[in-house]
Every structure is written in C-alpha cells, then in structure tokens.
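A quick write-up on the structure given underneath.
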Amino acid sequence: MNVQNQTFSEATNLFGRSVDFTNFFLDNWPLWILVLAAAWLFLTVRAKHQLLGELDERCEAAFGDIDALLVERDALIPNLVEAVKGFAGQEHKVLKDVIDARARATSATGGARLDAATQVGQALA
C-alpha cells in the first residue's frame, strides 16, 4: 500500500498497537501487582522514615528546651540564696525582738506589764 493513500490510523497502526499493549498488560498482570505492591511498600517505608526523622527533631528540641531551662535555673540559684540569707537575717532579728518582749511581759508586774504587752504587739507588727 502506498503511504500517500493511507489514513493516519492506518499509517500509525493505532488499533494494533493498543491491542498489543492491552495484551501485554493482561498477560503480565502478576508483574503489575508486584510493581504496585513494591511501590506501596516503598512509599510506606519512606513515610515512616520521614515521621521518625520529624519525631527525632522534636525530641532534640524538647531536650534543648529542658537544658536551657536548667541553665537558667542554675543561674538564679545564687540570687535566691542571697535573698533567703537577707530574709533569714531579718526574721532572726524580728524573732529575737518578739522573744525578748515576751520575756519582759511575762516577768513584768503591775503597770509595767501593760507597757511590756504593748512592746510585744509592736514587735509582732
């Protein structure tokens, strides 16, 4: 047949090629199932690997945050110790004043007892 007299579909043999492809596909169906299973397995493993990477990064960030908080806490401990020392000194003075005023109030008699009780109230205030 002359190439000039052929139609496009006759020249390219589209029908015959589509039949050949369909036959190849149908004859080798187990191969296609294996290819699909392998692709599914590959994508599943890749997704799990990506998830593990993200979880590892989140874990590293969390431990980094904890380390930063511990360093900040350690830096604040000397200030806390100094504040407690100052507060303890003040409390010691107040407690000593209250004890002395109470001792004077319990040993006082008469009008002096009223003055001693007033001093106890002032020491407590």
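Here are a few things to note about the model shown:
- Yes/no for Asn13 being modelled with pLDDT under 95, among the polar types (S, T, N, Q), at positive phi and surrounded by 10 or more Cβ atoms within 10 Å (Cβ to Cβ): yes
- Among (1) in contact (Cβ under 8 Å) with a residue 12 or more places away in the chain; (2) not in a helix (DSSP H, G or I), the one test that Thr109 misses: (1)
Quick grid of which residues meet (1) within 30 Å of Gln122 (Cα to Cα); (2) open to solvent by less than 100 Å² (accessible area, probe 1.4 Å); (3) touching a residue at least 12 places away in the same chain (Cβ under 8 Å):
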position: Ser18; (1), (2), (3): no, yes, no
position: His49; (1), (2), (3): no, no, no
position: Glu54; (1), (2), (3): no, yes, no
position: Cys59; (1), (2), (3): no, yes, no
position: Gly64; (1), (2), (3): no, yes, no
position: Leu80; (1), (2), (3): yes, no, no
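The values are calculated or read from the model by the stated rules, or taken from the named source; none is laboratory data. Since the structure is predicted, the reported quantities are computational estimates derived from the model, not experimental observations. Here Cβ is always computed from backbone atoms with ideal geometry, including for glycine, and neighbour counts include all displayed protein chains. Just the protein is used for accessible areas: all its heavy atoms, side chains included, with ligands, DNA and RNA removed. Shrake-Rupley method; radii C 1.70, N 1.55, O 1.52, S 1.80 Å.
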